[in-house]
Amino acid sequence: ALEGARMTLELPADRPRPPVQTFNGARSTHEFSSETRERLHEVARQYGVTPFVTMLGAFHAFLYRLTGQDDIILGSPSSTRTRTEAENLIGFFVNTLVLRGDLSGRPTFADVLSRTRATAMDAFANSDLPFDSLVRELSVDRDPSRNPVFQVMFALFPSVREIAMSGLEVESLDVDTGGAQIDLTLYVSDGADSLRGIFEYNADLFDEQTIVGFSKCFETLLSSMLSDPDEEVDALPFISN
């Protein structure tokens, strides 16, 4: 699935990349409109995909429009509790999946959803393969200035208000650690009445104003793709007002 893939994504940064990767980070939060959230779930049902696949495909499309690269590789965290005997164990059972987005051939957003669904299904079917093992198998040339294989991550999770624990009250605390493991990560919180994006970024590469601009452009493109999934991604509005 990764044969011939380009494993560097050249995001438009505000400063040159340091010769050795740094981990100084910051966060910027973006609240999507209620109309965008409603349309997201409508399109997901219409095309028989999950909200995760819909947002992942949209993020792939956004990065394609942002960089001009039509071969986009992202990382995404995945729970590896695939065996019943591990369900009740305490611990951090998470692996990183590699998800390759194909934006070649001027696809429509409907095309992107179909491709993304197939990519996600294949990746999750192989979720037990440790990311470190994948890096070794690919024989990636290591570059101390960037993360191997991918430099951008995506994750979608339910709003904490939808998580119920017997005898407990659950509250969400947004903690900014001041760090960033890679260049850019988009965390999407999908709640019953809200859709929120948290952009975590390397502060040595990007200014906050740049990331805020990214988030506005992403919502512009996302809204356009959800409104007209049969239109070519290249033809849809991208720059926010």
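Accessible surface for the chain, divided over its residues, is 53 Å² per residue with a 1.4 Å probe.
Assuming 0.36 nm per residue, please report the length gained on full extension of the stretch residue 230 to residue 24 beyond their Cα-Cα distance. Could the numbers behind the result be given before it?
Details: separation 206, 0.36 × 206 = 74.16 nm, distance 4.01 nm.
Difference between extended and current length: 70.1 nm.
Per atom type, the chain shows carbon and sulfur on 49% of its accessible surface, probed at 1.4 Å.
Under the convention that each Lys and Arg Cβ holds +1 and each Asp and Glu Cβ holds -1, the size of the dipole of segment 173-228 around its Cα centre is about 120 debye.
Using a 1.4 angstrom probe on the protein heavy atoms only, could you order 239, 211 from most to least accessible area? Please report the intermediate quantities before stating the final value.
On the way: 239 125, 211 0 Å².
These residues rank, largest area first, as 239, 211.
Extension gain, residue 137 to residue 166, is 6.1 nm, computed as 0.36 nm per intervening residue step minus the present C-alpha separation. Computed with a 1.4 Å probe over protein heavy atoms only, the accessible area of residue 55 comes to about 0 Å². Here's the picture: charge each Lys and Arg Cβ at +1 and each Asp and Glu Cβ at -1 in the chain, and of 1, 235, 153 the one pushed furthest to the positive end of that dipole is 1. Within the listed set 88, 147, 126, the residue fluctuating most in the Gaussian network model of the chain (springs between alpha-carbon atoms under 10 angstrom) is 88.
The values are calculated or read from the model by the stated rules, or taken from the named source; none is laboratory data. Keep in mind the model is a prediction, meaning the values are calculated, not measured. Glycine gets a Cβ as well: all are built from the backbone with ideal geometry, and neighbour counts include every protein chain shown. Calculation scope for accessible area: heavy atoms of the full protein, side chains included, ligands and nucleic acids excluded. Shrake-Rupley method; radii C 1.70, N 1.55, O 1.52, S 1.80 Å.
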